[in-house]
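Working notes, beginning with the structure itself.
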Amino acid sequence: MVRFQQAAFLFLLLAMPGLAGCAPAEPVTEASVQPPRPAMVAAANPHAVEAGLAILRAGGTAVDAAVAIQAVLGLVEPQSSGLGGGAFLIHYDATSGSISAFDGREMAPSRASAQMFLGQDGQPLGYVDAVNSGHAVGVPGAMAMLGLAQGKFGKLGWGQLFGSGIQLAEDGFAVSPRLAGLLQAYAKRVALDQHQAARDYFFLPDGSTLPQGFVRTNPAYANTLRQLAQNPRALLEGELAEQIIAAVAEKPRPGTLSLADMASYQPKQREAVCRPYRAVQVCSAPPPSSGGQAINATLGVLSHFEFSPEGASDPANWHLFIEALRLAYADRDRYMADDSVVAVPLDGLLDANYLAERAKLISPGTAIITAEPGNPGGIAFGRDTTEEPKGTSHFSIIDQWGNAVSMTTTVESVFGNKRFVGGFLLNNQLTDFARNPVDELGRPLANAPGPNKRPRSSMSPTIVLGADGAPVLLAGSPGGSSIISYTAKALVGVLDWGLSPQAAIDLPNVVARGDITRIGAMNLDPALIPALIAMGHNIQGTRGENSGLHLIQILPDHTLLGGADPRREGQALQP
């Protein structure tokens, strides 16, 4: 038996690619053996965290884990993201030291028009009418994008990554406090019960919504995952695609999405938007996301100032942060859109000299009266003030080899478009376009709807690289257009104010888009708002700025520090 085992081992060794006929390998020394590094998952739901950890324990990469996490999030957190939505993913490859962006943003149908969200009176549709319209549904891109990324950077077989999601869908999961609370607060207000399939899933026979702790099975979702396990484009072709098209064609306001639109959709691998900030490099999502522009513009302006040692305790530091954000948002609202359709002056917006001039607009201790966009040499579009509802989810992953993923995923509004197919909700992502294609002065908007166009996003999955080019921080958040503020706050908290990821997340959220600054009540220093008002800031206090930040910090010795936003239900855990 021993002789047979030795012979079999020799046969397998010689059969391995690259070994047969090669010169003897270099001897293995203690220095050449690299022990596994610590790994971690930070995500918005414990079931999703465990699904990702299970893949990492099985020898999967960060991208492998991302697929499993997305499959579970769409089941247990359907109000925020899912199979029927889109995503942006930033990936760091430890082998090559390269960083990539993957674009799974939804796309408008070929028959979309600039007037698609205008009523018969020529005025923009109201919020609920627009969001629940069939016109709001874009081609879902998240799973096809993950298929592209996993094909490049995965180790496990694609079909191995759906086991946790399938089992949880078949055995059932207990409805979480957040899902139950959002169902109770919003389900009828946003007309989740208008389609029979959604009503049957999210409501009990007596008309009440699913309560906390209710064990919800979803065999249709399990079946969809099985189809995806065979084909990452299963939503874009075949039976599931036909079901999606049929649902989009239902009332109210049937959409024009076609099977040809679905079949022609392609996720994209793009260059991440990377710029220096002090001693690090900050990489985030490219157009059609505005995250890479707005995050790096904020930090680029802040690089011209020194924060005081008091960090988050000093209102003067928050003043600088607010002013930099306001300037970044002003540019973002005018220029950012799908750069395959619109000329986006990204390089001009992030040019070091341009940001230095923007920084000169900030006076320590005195607020800018109105934050105006600059002139980076782009087309003079109007200002798009479209609000993005605060759905979405974010997760961060680092694996045992040092590969990293920062991914933000969404169906857009709470419970998306409300149409329910194959056990999941469709997105309403096209309402991230400007509902009115021109501004109040009649100027065209860069982010106006259009055929085969991807709507502007605020998703800001971010990987910060240290001096050696390896990740030192993974970050991102949900929150609509506030994502930019939430993520920037966390980056400044860790990189400038020396806070741990959890302490940075726990800071009050400060959102500065336009001339009104909103500040969340969580952990708010009562002296902060009066001090900012005295500087001339127009402050609106809020009870909740509901971020969902999930951070991982990588220390020089590879120790990992994680953080999960207490405003959601997440965790940051190691395998």
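Within the range 492-516, residues that are among the aromatic types (Phe, Trp, Tyr) reach partners that are assigned to a helix (DSSP H, G or I) and surrounded by 24 or more Cβ atoms within 10 Å (Cβ to Cβ) with beta carbons closer than 7 Å, at six or more positions or on different chains, in the pairs TRP497/ALA312.
With respect to being closer than 26 Å to MET107 by Cα and touching a residue at least 40 places away in the same chain (Cβ under 8 Å), GLY138 fits the description.
One residue stands out in the range 182-192 among those that are in a helix (DSSP H, G or I) and in contact (Cβ under 8 Å) with a residue 12 or more places away in the chain: the one that is surrounded by the fewest Cβ atoms within 10 Å (Cβ to Cβ), namely GLN184. Applying the set (1) within 30 Å of LEU524 (Cα to Cα); (2) in contact (Cβ under 8 Å) with a residue 60 or more places away in the chain; (3) crowded, with 20+ Cβ neighbours inside 10 Å to ALA279 leaves exactly one unmet item: (3). Checking the stated criteria, ARG326 turns out not to satisfy the condition of being in a helix (DSSP H, G or I), of a type in the set (Lys, Arg), closer than 30 Å to PHE153 by Cβ and in contact (Cβ under 8 Å) with a residue 60 or more places away in the chain. For SER100, are the conditions met, namely being under 17 Å from the mean Cα position of the chain (by Cα), touching a residue at least 60 places away in the same chain (Cβ under 8 Å) and either within 30 Å of ALA65 (Cα to Cα) or not in a helix (DSSP H, G or I) (or both)? Against the criterion (under 17 Å from the mean Cα position of the chain (by Cα), touching a residue at least 60 places away in the same chain (Cβ under 8 Å) and either within 30 Å of ALA65 (Cα to Cα) or not in a helix (DSSP H, G or I) (or both)), SER100 qualifies.
Yes/no per residue for (1) modelled with pLDDT of 95 or more; (2) buried (at least 19 other Cβ atoms within 10 Å of the Cβ):
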position: LEU236; (1), (2): yes, yes
position: GLN243; (1), (2): yes, no
position: VAL248; (1), (2): yes, yes
position: LYS251; (1), (2): no, no
position: ALA260; (1), (2): yes, no
position: GLN266; (1), (2): yes, no
position: LEU299; (1), (2): yes, yes
position: ALA312; (1), (2): yes, yes
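Residues that are basic (Lys, Arg) and within 22 Å of VAL494 (Cα to Cα) within the range 286-342 comprise just one, ARG326. Scanning the range 333-348 for residues that are under 22 Å from the mean Cα position of the chain (by Cα) and not in a loop (DSSP other than H, G, I, E, B), we see that the one that is nearest to ALA285 (Cα to Cα) is LEU346. In the set (1) free of Cβ contacts under 8 Å to residues at least 40 places away in the same chain; (2) touching a helix residue (DSSP H, G or I) at 6+ places or on another chain (Cβ under 6 Å), PHE420 fails one condition alone, (1). Evaluating PHE117 against the criteria (1) farther than 25 Å from GLY60 by Cβ; (2) surrounded by fewer than 22 Cβ atoms within 10 Å (Cβ to Cβ) leaves one unmet condition, (2).
To keep it simple, each residue is scored yes or no on (1) touching a strand residue (DSSP E or B) at 6+ places or on another chain (Cβ under 7 Å); (2) farther than 25 Å from GLY292 by Cα; (3) crowded, with 21+ Cβ neighbours inside 10 Å.
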{"position": "SER96", "(1), (2), (3)": "no, no, no"}
{"position": "ASP103", "(1), (2), (3)": "yes, no, yes"}
{"position": "ALA112", "(1), (2), (3)": "no, yes, yes"}
{"position": "GLY138", "(1), (2), (3)": "yes, no, yes"}
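Among the residues of the range 349-370, those that are in a loop (DSSP other than H, G, I, E, B) and not basic (Lys, Arg) comprise LEU350, ASP351, LEU361, ILE362, PRO364, GLY365, ALA367, ILE368, ILE369, THR370.
Going by the structure shown, is ALA222 of a type outside the set (Lys, Arg) and more than 30 Å from TYR127 (Cα to Cα)? Answer is yes for this residue. Total residues in the range 112-136 satisfying the condition of being farther than 17 Å from ASP338 by Cβ and part of a loop (DSSP other than H, G, I, E, B): the figure is 10. Taking the criterion of being of a type in the set (Phe, Trp, Tyr) and buried (at least 24 other Cβ atoms within 10 Å of the Cβ), the residues of the range 387-436 that qualify are PHE395, PHE415, PHE420, PHE424, PHE433.
Annotation: of all residues in the range 530-558 being part of a strand (DSSP E or B) and surrounded by 21 or more Cβ atoms within 10 Å (Cβ to Cβ), the one that is nearest to the chain's Cα centre (by Cα) is HIS550. Please indicate, with yes or no, whether at least one residue in the range 195-217 is in contact (Cβ under 8 Å) with a residue 12 or more places away in the chain, over 19 Å from PHE173 (Cα atoms) and buried (at least 20 other Cβ atoms within 10 Å of the Cβ). Within the range 195-217, one or more residues are in contact (Cβ under 8 Å) with a residue 12 or more places away in the chain, over 19 Å from PHE173 (Cα atoms) and buried (at least 20 other Cβ atoms within 10 Å of the Cβ). For the range 193-209, the set of residues classified as of a type outside the set (Ser, Thr, Tyr), assigned to a helix (DSSP H, G or I) and out of contact with any helix residue (DSSP H, G or I) (no Cβ under 7 Å at 6 or more places or on another chain) consists of GLN194, GLN196, ALA197, ASP200, listed by residue number.
Selection of the range 374-399 for residues being modelled with pLDDT of 95 or more and under 18 Å from LEU350 (Cβ atoms) yields only GLY374. Candidates in the range 28-48 are the residues that are of a type in the set (Val, Ile, Thr) and modelled with pLDDT under 95; of these, the one that is farthest from THR559 (Cα to Cα) is VAL28. Could you list all residues from the range 157-181 that are surrounded by fewer than 17 Cβ atoms within 10 Å (Cβ to Cβ) and not in a helix (DSSP H, G or I)? If the condition is that a residue be surrounded by fewer than 17 Cβ atoms within 10 Å (Cβ to Cβ) and not in a helix (DSSP H, G or I), then GLY157, GLY172, ALA174 are the ones that fit.
The values are calculated or read from the model by the stated rules, or taken from the named source; none is laboratory data. Small disclaimer: the values here were computed from a predicted structure and weren't measured. When we count neighbours, we look across all protein chains shown, and the Cβ atoms used for this are built from the backbone with ideal geometry, even at glycine.
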